[in-house]
């Protein structure tokens, strides 16, 4: 019974081992060029210390919203890809419709200029 | 290789929904690809599309088709309500263009959004699964939130959109929790299966989970139909939203809420009728009284009609408390005539008010009877119908609602309803007094009546009068519609 979980145990060991090895070996043999930017918690993010009431562009919200929209819809494509053959023509037609509806939304946001930053 | 068995799906029941959705998407693309400027052609296409859908829906009258393994149904009940939604949307489209042009917010997205709202409402009326009903409600609500805040240069419209969204999302939580509890108690979300499971319970009224589910679902729908004490959003949203959208909101979604409430209470939970009719009795009395008494003190006419629309939800609830053939047919009849008279009244308000939603007080109607006698006559008919005076549609509607209650022995409820109706005459007559007995305080240009608005007014006047003079024609349809559920 428990033997069935052996592959999962192996996967966990390999994953943890890979992570540990990368960290250990890169700190042992990797070159170290320390700079203030490199030591900050988020190398390419916001300043981590300072006032929390900073204003930033509303465009981020729009991009985030569009990302979530299309990202969530893309998630539906994975199960279809797995069951592609079993679902047959019915699945193809249904997903075709789904993608067409998605595409209408995409054309709309594109033409409205929501994807342009400036 | 084993194939997944694909269920045989009969698309006939949702053909109108599919047609409208496709039309809405086409309009959305037409709008972005056409140069900015006049958007009137979108209104015309929408109107023709809505009329075509009405033909499609009407062709299904008398049919009885279940589809999607019992999640959607095509029956007379759904068909009747779909006709009300299409009517409300058609009239709204007719009165929108001129208003949006004047308020300088004539964005083409208006029409696809109205069509999507109709799709949602149609799904609510034809859904026989709690999930379908919920999905329909969400499609309707999300579009409505945008429509309420459509005039984005107007602060009040923004406020209306945000308020509607926050409170609407909150009430959706109640509804969904109620559906979850009902599912927990019965093990199914299919409305007809819930009925048989509850019917087999030895003592369903002692099943706390089921009762809580019913209560929460009723709360959610009471919010959508703006019944007191869940009406607090109504005045602010109705006042702030663009006037054509207020007209639409008070006619369409209110009817959709009643459609879903009727389907769930009468089909799924008839065994609990004693329980829910007691609750609705209190709700109906509160709604009528709060709506009418608050409306007495309003000077802004949109706000006044918002409170009046709360009161009208109360009258319709009287029919549901009765729960018999006369009462429920009365609700269908009333929702139809309410769509005519209310959208008609709002169309007149659009013509009287000025750019930036100014000039919207009862006092601004002063002298309308002398300057624009035809408009004043139309407004008088709408107000008489709203007040429930014979021979208008409003009178016959109220007559059936209250006589349904009397038949079931709810004498006091009918008495309270009639008293409320009498009180409401005051604030409707007040507008008429200003129209016919006062001189206008200042001279100004009256807005021109364009052809689409004139058409909407003619349809509304006919719809407020004809069912009042020959009620049997529409009532027969309404009675056939409630027979099957």
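The values are calculated or read from the model by the stated rules, or taken from the named source; none is laboratory data. Worth saying up front: this structure is predicted, and the values here are computed from it rather than measured. Don't worry about glycine lacking a Cβ; one is built from the backbone with ideal geometry, like all the others, and counts go over all protein chains shown.
Take residue B:78 and tell me if it is away from chain A (no Cβ under 14 Å) and more than 26 Å from residue B:268 (Cα to Cα). Walk me through it before giving the result.
Numbers: away from chain A (no Cβ under 14 Å): yes; more than 26 Å from residue B:268 (Cα to Cα): no.
Here the answer is no, as residue B:78 does not meet what is asked.
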Inset, instruction - Please find, within the stretch A:96-116, the residue that is farthest from the chain's Cα centre (by Cα) out of those that are more than 19 Å from residue B:26 (Cα to Cα) and surrounded by 12 or more Cβ atoms within 10 Å (Cβ to Cβ). - result: A:114
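Yes/no per residue for (1) at pLDDT 90 or above; (2) in contact with a helix residue (DSSP H, G or I) (Cβ under 7 Å, 6 or more places away or on another chain); (3) under 26 Å from residue A:106 (Cα atoms); (4) more than 14 Å from every other protein chain (Cβ to nearest Cβ):
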position	(1), (2), (3), (4)
B:17	yes, yes, yes, no
B:35	no, no, yes, no
B:50	yes, yes, yes, yes
B:72	yes, yes, no, yes
Inset, instruction - Name, by its number, the condition in (1) in contact (Cβ under 8 Å) with a residue 24 or more places away in the chain; (2) loosely packed, with under 10 Cβ neighbours inside 10 Å that does not hold for residue A:59. - result: (2)
Inset, instruction - Taking residue B:135 as the residue in question, decide whether it is surrounded by fewer than 19 Cβ atoms within 10 Å (Cβ to Cβ) and touching a strand residue (DSSP E or B) at 6+ places or on another chain (Cβ under 8 Å). - result: yes
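Sort out for me the helices (runs of 4 or more DSSP H) sitting completely within the stretch B:359-474 that have 2 or more residues that are under 18 Å from residue B:247 (Cβ atoms) and at pLDDT 90 or above.
Those helices (runs of 4 or more DSSP H) span B:373-387, B:393-407, B:411-437, B:451-469.
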Legend entry - Any chance residue B:1 is within 14 Å of another protein chain (Cβ to nearest Cβ) and either at pLDDT 90 or above or closer than 25 Å to residue A:98 by Cβ (or both): yes
